[in-house]
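Worksheet for the structure shown next.
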Amino acid sequence: MALIPYVKAHATAAQRIAHLRAKGLVISRPNVAARKIEAIGYERLRIYFLSRRQTNVTGKPFIAGTKYHDIISLYECDAELRNVCFLAVGQFELLLRNSMSEALSAGFGSHPYYHAGAFKDSSANLNALQTFAKVYGASKDRRAKHYRDTYSTPVLPPIWTMKEFLTFGASSRIFQCLNGSIKTNIAAQFGVGSDQVFTSWIEALVDLRNICAHHDRLFNRSLQKQPSRLRSASVPTAAPNKLKAILECLDYMLSKRGSPAGISDRVRCIILKYPEMQLAEAGY
């Protein structure tokens, strides 16, 4: 198909409101609605507007009776879902970092970065070392500064300090570099008998965390990173590309570590607070 030039002109918030009203959206207070668009951004709201339009009808009008408030409620529900998911994933992130630190320091001392036995091969050792060095070099944490200003060698701080500087993404990459027995041991702490399944769950949670941290949408989303099924526990039960599947995995792991769980039920309760949001649209 031939590409076409982009010719759409700039539109003010007031012009956006006029366009939406012309498409059948009920807007009782256009000035207030325009200010809301200015605060949030039309492009951010666009996916919610589109979800309530009849795309198979000429002109793509809104479903009859759709109100501007309905669209804002969808957006606010999505924002609330992101916030609660972000906090819950954070619980797991801390547990994972602590488990990795304990396993590495117990087996290889304060500075496991230089022990080939901690990693699956020399290439993985190098990749992990580069990740640790990059994270430490970029850290503005006072503990990183203290180590730099106090100690000459080893260049990197001990693993129990280093873990505090790791991002979730860096933790995921380092986990994949570890030798098989360490990965299996860590996965077992979370009730997962397969480090391959555990790795897929970590990757799915990193993806979810990034979506939430960057204020992206969960609404009507098929998630790219999908958790494998842990057959021994029949987890997850939901379709793997949906939010509920990832949260079922998260609940399972948190409960195995004795941490507060129930995130899947909490998210469902949030969705039910907003009658404008359908369960399926939120990945349930």
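Values in this text are rule-based calculations from the coordinates and carry no lab data. Keep in mind that what you see is a predicted model, and the values were worked out from it rather than measured. No Cβ is skipped: glycine too gets one built from the backbone with ideal geometry, and neighbour counts run over all protein chains shown.
Values computed for the structure shown
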item	result
Of 77, 89, 99, farthest towards positive along the dipole that unit charges on Lys, Arg, Asp, Glu beta carbons give the range 54-107	77
Extreme residue, positive dipole direction of the range 134-226, given options 172, 187, 199 (C-beta unit charges)	172
Formal net charge of residues neighbouring residue 109 (Cβ-Cβ distance under 15 Å; K, R +1; D, E -1)	0
Amide H contacts of residue 179 (H built 1.01 Å from N, under 5 Å, at least 5 apart or other chain)	119, 120
Rounded tilt (10° steps) of 243-256 against the dominant C-alpha axis of the chain	30
Local net charge near residue 132, Cβ-Cβ under 13 Å (Lys/Arg +1, Asp/Glu -1)	+3
Max mean-square fluctuation residue, GNM over the chain, Cα-Cα springs under 10 Å, options 104, 45, 223	45
Long-range amide H partners of residue 235 with built H, under 5 Å	230
Inter-centroid distance (Cα atoms) of the range 137-192 relative to the range 54-90, Å	39
Those lysines that a straight Cα-Cα span of less than 27 Å connects to residue 140, excepting residues fewer than 8 apart in one chain	163
On Cα atoms only, tilt of 30-40 relative to the major axis of the chain in degrees	20
The range 170-284 - charge dipole about Cα centre, Lys and Arg +1 at Cβ, Asp and Glu -1, debye rounded to 20	100
P(r) histogram, all alpha-carbon pairs of the chain included - 5 Å bins from 0, percent	1, 5, 10, 13, 13, 11, 11, 9, 8, 7, 6, 4, 2, 0, 0
Relative contact order (percent, whole number), the chain, Cα cutoff 8 Å, 6+ residue spacing	18
Residue-by-residue Karplus 3J(HN,Hα) for the range 264-272, coefficients 6.51, -1.76, 1.60, Hz, glycine and proline x	4, 5, 5, 5, 4, 5, 5, 4, 5
The range 1-128 - convex hull of the alpha-carbon atoms, volume per residue in Å³	233
Selection from 54, 250, 153 lying farthest towards where the dipole of the chain points positive, charges on Cβ	54
Gain upon complete extension [residue 257, residue 222; 0.36 nm per residue less C-alpha separation]	9.8 nm
C-alpha long axis of helix 195-213 to longest principal axis of the chain, angle in °	50
25 °C / 0.890 mPa s Stokes-Einstein diffusion coefficient of the range 12-82, Kirkwood radius on C-alpha pairs, µm²/s	200
Computed E for residue 265/residue 35 - FRET, C-beta separation, R0 41 angstrom, nearest 0.05	0.70
Amide H contacts of residue 67 (H built 1.01 Å from N, under 5 Å, at least 5 apart or other chain)	26
The chain - mean residue ellipticity at 222 nm from DSSP helices (-39,500 (n - 2.57) per run, n ≥ 4, rounded to 500)	-18500 deg cm²/dmol
Alpha-carbon gyration tensor eigenvalues x 5, square-rooted, for the range 102-229, Å	28, 20, 11
